[in-house]
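The values are calculated or read from the model by the stated rules, or taken from the named source; none is laboratory data. Note that the coordinates shown come from a computational prediction; the quantities given were computed from them, not determined experimentally. We place every Cβ from the backbone using ideal geometry, glycine too, and count neighbours over all the protein chains shown.
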Amino acid sequence: MTHAAALIDGYGRVHTHLRISVTDRCNLRCFYCMPETDVIFKPRAELLTFEEIARVVRVLVPMGVNKLRITGGEPLVRLQIDRLIARLAAIPGVRDLAMTTNGMLLADRAEALRRAGLRRLNISLDALDASTFEQIGRRNGLARVLEGIATARRTGFDKIRLNAVAIRGLTEDQILPLAEFARQHHLELRFIEFMPLDGDASWSDEQVLTGRDIRRRIESEFGPLFPVPRSDPSQPAVDYQYGDGAGRIGFIEPVSHPFCDHCNRLRLTAEGQFRNCIFSQEEWDARAVIRGGGCDRQVADLARLCVQAKKAGHGIDSPEFLRPHRAMYQIGG
Ligand code: SAM
Ligand code: SF4
């Protein structure tokens with residue numbers, strides 16, 4: 001097998017998308033992701049350096065990886081993150097470079113990110129009401145996020161998406177305001193179902209506000225939504241068009257409608273572990289290979305082993321389902 005053989009798992013899924021976590025730190029404490037207190041972050045020396053991350057990407061691109069998403073923790077708390085973006089943007093074969101951020105630091109960083117070559121941004125915004133925002137994030141910051149969104153729009157990002165995690169009993173009254181806000185500002189909004197990845201391990205399926213429930217609410221206000229055919233079968237969201245033509249809205253339904261069949265994602269945690277699924281119980285230690293003096297072929301082989309071990313699906317709905325040992329902020333969302 002050559003070094004550049006594609007990353008294909010046992011179910012024929014071809015992996016072209018790498019999600020790179022750059023830190024486990026964050027300036028919010030969203031209850032669905034992090035514990036409120038006593039958070040233990042990885043020492044900085046354990047995180048991959050920008051050079052190490054770029055090396056992994058240079059190894060994986062010839063194996064078919066062409067889409068990168070930078071995430072965390074909060075990627076904008078990693079110092080000089082724009083330098084990593086510039087390095088990755090310069091790697092031939094990287095066709096799509098995106099970031100998921102909570103937007104808290106975006107007003108200051110949007111221009112540098114754009115200059116460095118970032119083209120797409122997903123900004124997380126679960127509530128437009130300051131007290132709900134604070135209940136979720138356990139910090140205030142709504143005004144900063146809104147300012148970050150406005151700056152990103154002015155800075156000329158091609159496509160800005162809003163991601164909203166929906167929580168039953170908490171965010172129902174945010175659905176319509178978020179939809180209205182996204183329509184007004186020409187942003188694509190995607191609602192995400194709450195997954196069992198919270199740091200406090202207190203998720204229950206009763207807290208999951210499903211895509212179907214949210215669609216009903218949206219349709220009661222804005223009229224029927226029309227499904228948009230998927231241009232890319234691996235995209236996790238099911239998108240709909242508003243009847244009046246004013247924009248799109250999407251639903252990511254990992255709990256009620258798992259999309260594992262078409263998953264093409266490989267993950268790299270901030271401390272350099274490959275994961276083949278957000279719910280994976282196992283990790284493959286790329287940092288040990290790199291820091292142990294391993295060659296590119298060894299990094300490639302490790303990525304291939306990780307992908308080959310991928311399960312058919314996460315099985316949240318099965319009685320045998322086990323939560324991963326780590327929470328969302330430690331894995332990379
Ligand atoms: N800090 C950045 C942010 O919040 O956008 C990036 C990392 S965050 C882990 C990535 C995405 O995962 C965010 O949109 C966040 O809302 C979502 N998320 C976190 N925990 C989740 C959970 N338990 N279920 C569903 N989505 C979750
Ligand atoms: Fe931070 Fe993002 Fe997790 Fe919220 S979801 S605590 S913003 S990493």
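Pick from the range 292-308 the residues that are under 21 Å from residue 331 (Cβ atoms) and in contact (Cβ under 8 Å) with a residue 60 or more places away in the chain: which of them is surrounded by the fewest Cβ atoms within 10 Å (Cβ to Cβ)? Walk me through it before giving the result.
Just the residues of the range 292-308 that are under 21 Å from residue 331 (Cβ atoms), to begin with: 299, 302-308.
When the remaining residues are screened for being in contact (Cβ under 8 Å) with a residue 60 or more places away in the chain, the result is 299, 303-304, 307-308.
Numbers: 299: 21, 303: 25, 304: 21, 307: 23, 308: 12.
By that ranking, first place goes to 308.
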Considering residues of the range 234-293 that are aromatic (Phe, Trp, Tyr) and assigned to a strand (DSSP E or B) only, the residue nearest to residue 223 (Cα to Cα): 242
The one condition in (1) on the phi < 0 side of the Ramachandran plot; (2) within 16 Å of ligand 2 (Cβ to nearest atom); (3) at pLDDT 95 or above that residue 16 fails to fulfil: (2)
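For the range 19-53, which residues satisfy the criterion of being more than 16 Å from ligand 2 (Cβ to nearest atom), touching a helix residue (DSSP H, G or I) at 6+ places or on another chain (Cβ under 7 Å) and in a loop (DSSP other than H, G, I, E, B)?
Answer for the range 19-53, where residues must be more than 16 Å from ligand 2 (Cβ to nearest atom), touching a helix residue (DSSP H, G or I) at 6+ places or on another chain (Cβ under 7 Å) and in a loop (DSSP other than H, G, I, E, B): just 48.
Okay, residues lined up against (1) away from ligand 2 (no atom under 16 Å from the Cβ); (2) in a helix (DSSP H, G or I); (3) touching a Phe, Trp or Tyr at 6+ places or on another chain (Cβ under 8 Å):
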{"site": "99", "(1), (2), (3)": "no, no, no"}
{"site": "103", "(1), (2), (3)": "no, no, no"}
{"site": "113", "(1), (2), (3)": "yes, yes, no"}
{"site": "121", "(1), (2), (3)": "no, no, yes"}
{"site": "134", "(1), (2), (3)": "no, yes, no"}
{"site": "140", "(1), (2), (3)": "no, no, yes"}
{"site": "144", "(1), (2), (3)": "no, yes, no"}
{"site": "166", "(1), (2), (3)": "no, no, yes"}
{"site": "175", "(1), (2), (3)": "yes, yes, yes"}
Residue pairs meeting the criteria (Cβ under 6 Å; at least 6 apart or on separate chains; first touching a residue at least 12 places away in the same chain (Cβ under 8 Å), in the range 137-161; second surrounded by fewer than 20 Cβ atoms within 10 Å (Cβ to Cβ) and charged (D, E, K, R)): 138/29; 138/36; 155/111; 155/114; 158/119; 159/120; 161/188
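Which residue is farthest from residue 153 (Cα to Cα), if the candidates are limited to the range 118-138 and must be among the charged types (D, E, K, R) and under 17 Å from the mean Cα position of the chain (by Cα)? Break it down into steps so the answer makes sense when it comes.
Initially, the range 118-138 is screened for residues among the charged types (D, E, K, R), giving 119-120, 126, 129, 134, 138.
Restricting the remaining residues to those that are under 17 Å from the mean Cα position of the chain (by Cα) gives 119-120, 126.
On the way: 119: 12, 120: 11, 126: 19 Å.
Restricting to residues being among the charged types (D, E, K, R) and under 17 Å from the mean Cα position of the chain (by Cα), the top hit is 126.
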Inter-residue pairs, beta-carbon under 6 Å, first among the basic types (Lys, Arg) and in the range 318-333, second within 15 Å of ligand 2 (Cβ to nearest atom), 6+ apart: 323/196
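Right, residue 155: hydroxyl-bearing (Ser, Thr, Tyr), over 18 Å from residue 75 (Cβ atoms) and out of contact with any Gly (no Cβ under 6 Å at 6 or more places or on another chain) or not? Lay out the reasoning, then the answer.
Values: hydroxyl-bearing (Ser, Thr, Tyr): yes; over 18 Å from residue 75 (Cβ atoms): no; out of contact with any Gly (no Cβ under 6 Å at 6 or more places or on another chain): yes.
Here the answer is no, as residue 155 does not meet what is asked.
Among the residues of the range 294-333, which ones are in a helix (DSSP H, G or I), more than 16 Å from ligand 2 (Cβ to nearest atom), of a type in the set (Val, Ile, Thr) and within 21 Å of the chain's Cα centre (by Cα)?
Initially, the range 294-333 is screened for residues in a helix (DSSP H, G or I), giving 296-308, 328-331.
Cutting the leftovers down to more than 16 Å from ligand 2 (Cβ to nearest atom) gives us 296-308.
Within this subset, residues satisfying the condition of being of a type in the set (Val, Ile, Thr) are 299, 307.
Scanning the range 294-333 gives a single hit, 307.
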